[in-house]
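In what follows, a structure is listed as structure tokens, so that the remarks can point back to it.
The values are calculated or read from the model by the stated rules, or taken from the named source; none is laboratory data. It should be emphasised that the depicted structure is a prediction, and the values quoted were computed from it without experimental measurement. Here the Cβ is made from the backbone with ideal geometry for all residues, glycine too, and neighbour counts use every protein chain on show. The accessibility values were calculated without ligands, DNA or RNA, using every heavy atom of the protein model including side chains. Shrake-Rupley method; radii C 1.70, N 1.55, O 1.52, S 1.80 Å.
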Amino acid sequence: MQTAILNMAQEVVLDRQPETVLTFRPFIEYLRKRRDETNCHKSRFFSFVVEQFEKHPELLQPIEVEKVKEHAELMQLIYSMLSPIVEDEEVQRWALCLPLRPVVFYSTNAYAKLVTDIATGNLRKSIVVKKAEQIKSNQLEFIFSLILEKCYGITSIFSRDIVHSLEDEETRLTKYFRLNLDTRFIEIHTAQPLPELKVEELHSGTHNRKEILDRLQEILPLDIFRVEGFGILSITDVTPEYSIENIKDLILKRSSYEEEKYYSGVINSLKTLVGSNDVEFGLLPLMQVNDKLVFDDGTCLNSKLIDAARANGVAEVAYMTLANEYFRNPRPIFFREITKEDEARQGYLKMLKDSGVASYALAPVYFNNSLTGVLEIYSKKKNVLNESLLAKLDPVMPLLSQMLKNSIDEFSDSIDHVVKEKFTSVQPSVQWKFNEAAWHYIMDGHKQNGKPEMEEIVFNKVYPLYGAIDIRNSTIERNASLQKDLVVQFTVLLDTLRRLKSESGFGLLDEKIFLSKKWLEKIKNPAGFNEEVKLNDFLNNDIVPFLVQFREGNPVYSSTMEKYFLAIDPETGIANESRRQLEASMNTVISSVNNYMELMKDEIQVAYPCYFEKFRTDGVEYDIYIGQSIAPDKPFSDIYLKNLRLTQLTSMAAVAKYSHALLPQLPRPVQTTQLIFIHSQPIDIRFRKDEKRFDVEGAYNIRYHIVKKRIDKVTIRGTKERLTQPGKIALAYFSQKEADEYIGYIQYLQEQNILADDLEELELEELQGVSGLKALRVSVCLD
């Protein structure tokens with residue numbers, strides 16, 4: 001054990017700070033209390049330790065840190081009490097420190113060896129050097145977190161998770177260590193009454209750590225506090241955990257990295273994970289075009305095998321054949337040392353050996369049971385690869401599978417992008433315009449030395465018709481289904497946890513039951529539930545891992561837990577039933593409407609060519625454009641526009657009737673609303689090359705686009721009633737002339753018993769930037 005004093009942080013003077021006192025009184029008072037407990041089987045040992053400390057009363061008073069080394073035997077007693085008896089001080093990184101400062105005065109040999117330079121005895125620079133502002137912020141966060149916990153019972157305002165990085169002297173790889181501080185024997189006193197404090201006052205709409213710290217310094221001046229006792233430091237090697245987190249961060253921020261830096265970052269993290277700089281890695285995603293394996297230069301750079309093949313002058317067809325054979329029958333391959341016999345049996349091993357590889361392994365990588373690529377592990381030294389090293393890669397394989405899947409998706413997207421950029425199909429009604437533009441582009445290319453500009457695709461003075469079929473209250477229905485499923489899930493979970501507690505008596509189950517009941521109360525809260533992210537974190541990162549680990553250690557309780565795991569199955573579980581029913585119902589209705597719209601799209605082309613564009617949301621929206629510029633060879637007149645408007649109104653009635661007829665077949669009843677926006681004036685539309693779709697052109701015409709995007713939630717003037725209602729068709733308009741035209745169509749459809757005799761003429765509330773909007777509304781004869 002070591003009695004040297006080690007200051008683990010640079011001295012940064014806070015503006016105001018509490019008085020800090022080193023004393024062992026809180027520790028001895030704790031032992032006295034435990035000793036006096038009649039059921040404490042360690043009371044004799046506690047009595048012995050108390051007696052030893054009472055022989056040195058100066059330790060129960062404030063004491064200078066330099067004098068503690070005179071009582072090394074008593075510090076050894078503390079270590080013996082607070083560490084497992086079988087712990088080896090040459091392995092365990094453990095130390096005692098001042099209560100609010102990382103000044104170590106007693107430590108194990110392993111702790112001292114890690115944080116100090118063996119030659120000089122000084123702290124390693126990689127641990128010492130930190131920016132003064134960061135140190136100050138960390139100190140304040142720690143002090144206030146301790147004050148809030150000890151004085152107010154408030155936890156989790158600030159994280160006490162402190163991680164340092166350190167370069168390994170042997171491997172030269174970065175290692176990560178978590179610093180844990182036990183504050184059981186630290187007391188906080190104040191000479192004046194504590195200010196009243198509520199946790200919600202700290203946030204007040206902000207989650208900015210600096211703002212919270214500033215607020216705390218105003219409410220709780222640090223110089224009113226006195227801190228007594230000592231802290232217990234322990235250091236844990238979290239290198240594997242941080243290596244995996246680094247890979248996860250690289251995957252999440254893929255777009256921020258160039259290809260080479262992205263892969264090299266992952267490979268360096270893999271080296272850190274296995275703890276060896278003598279091991280190299282290659283990653284090769286399974287990329288295919290028309291079900292045929294392909295390799296591009298970017299991905300080939302990350303495969304040692306292909307790199308070796310190219311370096312040895314092997315033709316592409318040869319290594320493609322080799323890769324195809326492997327991907328047809330993927331399997332783990334492991335050569336601790338590539339021998340002459342191995343080279344004779346497998347030709348590719350000779351290529352590897354010639355490129356300097358002494359040991360080699362291949363591991364197929366799967367994503368959702370589908371092969372996504374391979375991980376190569378190799379070294380230029382013999383016998384570096386072994387089963388233990390390969391086993392260290394198991395935790396990261398899911399991330400590598402996601403990474404390779406992302407690479408495959410990026411590759412597929414790039415192929416799709418080129419296809420869409422150069423070969424996007426367009427509707428027959430406007431195909432002629434694109435053909436002309438393409439021909440002009442080719443002609444101009446010959447005239448301008450191959451650098452032409454693509455002309456704009458514009459259709460002038462076309463009449464727009466907009467319609468929307470929406471699922472009524474889809475968001476509200478989804479929230480209600482989620483709440484219902486969560487109630488079921490937590491009911492089953494609580495029943496499972498209680499049965500486990502009854503059968504096993506495992507103490508930690510009480511905490512899980514308590515937390516689950518709290519969540520169930522929140523879910524049932526009539527005011528609404530809005531903590532879905534935290535809830536999912538609790539279920540996926542707390543409950544499920546706990547149950548899985550408990551089942552692995554106690555297989556006898558597997559049947560007890562099976563009910564919960566069956567309940568949360570996405571495909572069949574009762575805890576997803578309500579959402580499945582809702583999604584199935586919505587998909588049935590929307591798909592049916594979608595199919596009807598496809599039929600309508602073909603039908604409306606018969607009378608006069610027009611452009612039809614459909615968008616799927618929680619329903620179906622569509623734009624129809626008709627006018628002379630779309631079909632210049634066919635004379636246009638108002639009769640075609642009027643025919644299209646009547647067809648649109650009739651189709652809306654048919655959709656309403658059809659979706660209503662589906663209700664008995666649906667697991668959950670969902671209703672549709674039907675909306676038409678009548679625009680009286682023709683507009684210009686332009687094909688946007690960047691989005692591969694048509695959009696309105698010009699400031700005046702944009703007003704049409706704005707209105708159609710805002711009217712779906714418009715209300716009737718003077719009421720809170722939505723214009724759109726199930727079983728009805730709503731027609732929004734500005735011009736009375738067009739409204740009168742549609743009233744004629746409505747009267748005709750009323751005579752046909754398609755629409756009911758309840759036509760309403762309504763004034764609508766003003767929308768942002770839109771005034772003077774009116775509406776017609778009429779019911780559909782659904783029976």
*Does segment 727-753 hold any residues that are within 21 Å of Arg472 (Cβ to Cβ) and open to solvent by 40 Å² or more (accessible area, probe 1.4 Å), and which are they?*
Lys728
*Which one of the conditions (1) in contact (Cβ under 8 Å) with a residue 60 or more places away in the chain; (2) more than 14 Å from Leu782 (Cα to Cα) does Phe734 fail to meet, given that it meets all the rest?*
(1)
*Considering only segment 281-294, state which residues are touching a residue at least 12 places away in the same chain (Cβ under 8 Å) and surrounded by fewer than 17 Cβ atoms within 10 Å (Cβ to Cβ).*
Val289, Leu293
_For a quick check of your reading: which helices (runs of 4 or more DSSP H) sit entirely within segment 27-129 and have at least 3 residues that are open to solvent by 70 Å² or more (accessible area, probe 1.4 Å) and at pLDDT 85 or above?_
43-54
*Tell me, yes or no, whether segment 555-578 has at least one residue that is basic (Lys, Arg) and under 30 Å from Thr650 (Cβ atoms).*
no
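Got at least one residue in segment 620-629 being surrounded by 14 or more Cβ atoms within 10 Å (Cβ to Cβ), among the charged types (D, E, K, R) and in a loop (DSSP other than H, G, I, E, B)? Spell out the reasoning first.
Initial filter on segment 620-629 (surrounded by 14 or more Cβ atoms within 10 Å (Cβ to Cβ)): 620-629.
Next, from what is left, pick out any that are among the charged types (D, E, K, R): 621, 623.
Adding the requirement that they be in a loop (DSSP other than H, G, I, E, B) leaves none.
No.
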*asked:* Quick check on my filter: what residues within segment 708-717 are modelled with pLDDT of 90 or more and open to solvent by 40 Å² or more (accessible area, probe 1.4 Å)?
replied: Arg717
_I'm trying to understand the selection: among the residues of segment 764-773, which are under 19 Å from Asn701 (Cα atoms) and either in contact (Cβ under 8 Å) with a residue 24 or more places away in the chain or buried (at least 19 other Cβ atoms within 10 Å of the Cβ) (or both)?_
Leu767, Gln768, Gly769, Val770, Gly772, Leu773
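Of everything in segment 249-298, what is of a type in the set (Val, Ile, Thr) and at pLDDT below 80? Give them in sequence order.
Those that are of a type in the set (Val, Ile, Thr) and at pLDDT below 80: Val289, Val294.
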*Checking Asn595 against (1) open to solvent by less than 60 Å² (accessible area, probe 1.4 Å); (2) out of contact with any Asp or Glu (no Cβ under 7 Å at 6 or more places or on another chain); (3) part of a helix (DSSP H, G or I), which test does it fail?*
(1)
*Find all pairs meeting these conditions: Cβ atoms under 7 angstrom apart; at least six residues apart or on different chains; first residue within segment 466-481 and closer than 21 Å to Glu577 by Cβ; second residue open to solvent by 10 Å² or more (accessible area, probe 1.4 Å) and among the acidic types (Asp, Glu).*
Ile471/Asp618; Ser474/Asp618
*Is it the case that Ile639 is out of contact with any strand residue (DSSP E or B) (no Cβ under 8 Å at 6 or more places or on another chain) and either modelled with pLDDT of 90 or more or assigned to a helix (DSSP H, G or I) (or both)?*
yes
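Select from segment 664-676 the residues that are in a helix (DSSP H, G or I) and touching a Ser or Thr at 6+ places or on another chain (Cβ under 9 Å) and list them in ascending order.
Kept after step one, since they are in a helix (DSSP H, G or I), are these residues of segment 664-676: 664-665.
Across segment 664-676, the qualifying residue is only Gln665.
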_The conditions are (1) in contact with a helix residue (DSSP H, G or I) (Cβ under 7 Å, 6 or more places away or on another chain); (2) of a type in the set (Val, Ile, Thr); (3) in a strand (DSSP E or B), and Ile685 fails exactly one of them. Which is it?_
(1)
